[in-house]
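Shown next, in structure tokens, is the structure this report addresses.
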Amino acid sequence: MPSPRILVVDDNPELLTLLSSSFEEAGYTVLTASRGRNALDLARKEKPALAIVDVLLPDLMGYDVAEMLKRLKIPFIFISGVHKGGSATRGAAAKHGAVGYFEKPFDRKALLEAVRKVVPAARTPERELELDLEGAPPVAEEAEAMELTSRIDLTAQGAHVGLRGGGKLALRPMGPEQQARLSGAASPVTRRISVTVPTEPPPPGRQDEPEELPADALQPIASKDSVRRGELKDNLPQLFAAFFQARETGELGLQKGQVKKVVYFEAGMPVFAQSNLVADRLGQFLVRAGKIDEATLESAADEASRSKQRTGDVLISMGALTEEERLYYIAQQIKSILYSLFAWETGSFALSFQARARREMIKLDIHPANLIVRGVKKLYKPERLRRLLAAEERLIPSPDPAFNLSDVELQAWEAHLLPRCDGTRTVADLVKLSGRPENEAWATLVALRALRVLEVR
């Protein structure tokens, strides 16, 4: 029996990729369109059983697309990041005849259930992302990919571990010397890291800590229909935003040459990351942070190899690291892997959906909007910033932002500059008005555009 066909219409390519992949895994054949007129052409030709239509499209309003779908007797569900609230939902059903209305960000699983009610499909088993964490060929460190991975946010007043059943355990922060090693003597930013520590022991053989991810990990991404792939072309922020808008739990695998990294999401939030680079492992990270020296790491690694223990466990038994410090540094290590990805201008990605992130021992608490802003500001080089946003271009507020401004931690000068992005000034004008160093101001504008808070007029 052929799979039911559904049509998904949205001008956000990353969200379109994520949703189409999700529906295909659920047993549907998916048609996609990024413009209203293309969607109508597909609807007339393919006669899908259902359409999911974004209200705000580049050429037509989703409401106009819906009127034609009604004539073709194709039921439809609206999704929207602009028209929100009870009146919009009621109007979608009463005035336009929609069978559902979902406001961005929405729960992708709830949308899938709404689709299933209208067009049932056999549930297909979810397949894991084909990224083998155990047996790939050895990976050589690539200086270009790793040169900026140590530039992470530091916690000046300590982190906290959230314990199940309540309570907080304060962690000791890095000392000034360690902060200087990792930040290049930059002023540390005070952030709180929330780390969940399960009370039950992990299942046998499960990878709990990125420190033990072997340097030869992550097999090349295999080709299976259930995993959606694409090229990484400066669209990492949009991929993070797509997970957030769909409240998706799953994995984003990224590959550049032999370097492979995986980001785990839970309900749209990035909570964990792994890498196959030697420099991304906990021991090397502790050396860069100045917590241990190379001789201590070598001794611990030898003992770990002989005793089949984790390097972190050996460092604790040696007295070189406490359990609380290990949790703190693992959290910082994961953040460094996440931020390092923003240095990648090219590569490939693969999407897969599963609940693996929930089984990890360490979970970060960092909003993707702030991750994107900091990643762009830290790791986008000047020539890249100007390639993505030309000096003569003019910015205006986006009618369909991927994130609310309340999600973004803006500095005072950034909040003051934002109202001036009204289309009357060029990017070069805005940079001058900011009163900040040129690259810093340019990076802020690129980051706000990546969040779709701003768009080019």
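The values are calculated or read from the model by the stated rules, or taken from the named source; none is laboratory data. None of the values given here were measured: they were computed from a predicted structure. Cβ placement follows ideal geometry from the backbone for every residue including glycine, while neighbour counts extend to all protein chains displayed.
A few notes on this one:
- Taken as a whole, the stretch 295-304 holds no residue that is within 15 Å of residue 334 (Cα to Cα), hydrophobic (A, V, I, L, M, F, W, C) and surrounded by fewer than 18 Cβ atoms within 10 Å (Cβ to Cβ).
- Where helices (runs of 4 or more DSSP H) fall entirely within the stretch 276-392, those with at least 1 residues that are within 30 Å of residue 234 (Cα to Cα) are at 282-289, 323-340, 368-379, 382-388.
- Top-ranked residue in the stretch 19-50 [being touching a residue at least 40 places away in the same chain (Cβ under 8 Å), out of contact with any Ser or Thr (no Cβ under 9 Å at 6 or more places or on another chain) and surrounded by 17 or more Cβ atoms within 10 Å (Cβ to Cβ); ranked as farthest from residue 110 (Cα to Cα)]: 49
- Any chance residue 272 is closer than 30 Å to residue 14 by Cα and either touching a Phe, Trp or Tyr at 6+ places or on another chain (Cβ under 7 Å) or outside any strand (DSSP E or B) (or both): yes
- Residue match in the stretch 320-330 (condition: of a type in the set (A, V, I, L, M), more than 27 Å from residue 259 (Cα to Cα) and in contact (Cβ under 8 Å) with a residue 12 or more places away in the chain): yes
- Whenever a residue of the stretch 408-420 is under 23 Å from residue 393 (Cα atoms), its partners that are β-branched (Val, Ile, Thr), lying with C-beta atoms within less than 7 angstrom and at least six residues away or across chains, give the pairs 414/444.
- Qualifying residue in the stretch 418-433 (condition: charged (D, E, K, R), surrounded by fewer than 19 Cβ atoms within 10 Å (Cβ to Cβ) and assigned to a loop (DSSP other than H, G, I, E, B)): yes
- Just one residue in the set 412, 443, 450, 369 is under 17 Å from the mean Cα position of the chain (by Cα) and outside the structural domain of residue 329 (by TED's automatic domain parsing); that residue is 450.
- Checked against (1) over 28 Å from residue 335 (Cβ atoms); (2) at pLDDT 95 or above; (3) buried (at least 16 other Cβ atoms within 10 Å of the Cβ), residue 389 meets all criteria but (1).
- Residue within the stretch 220-240 that is under 28 Å from residue 452 (Cβ atoms), modelled with pLDDT under 90 and aromatic (Phe, Trp, Tyr) present: no
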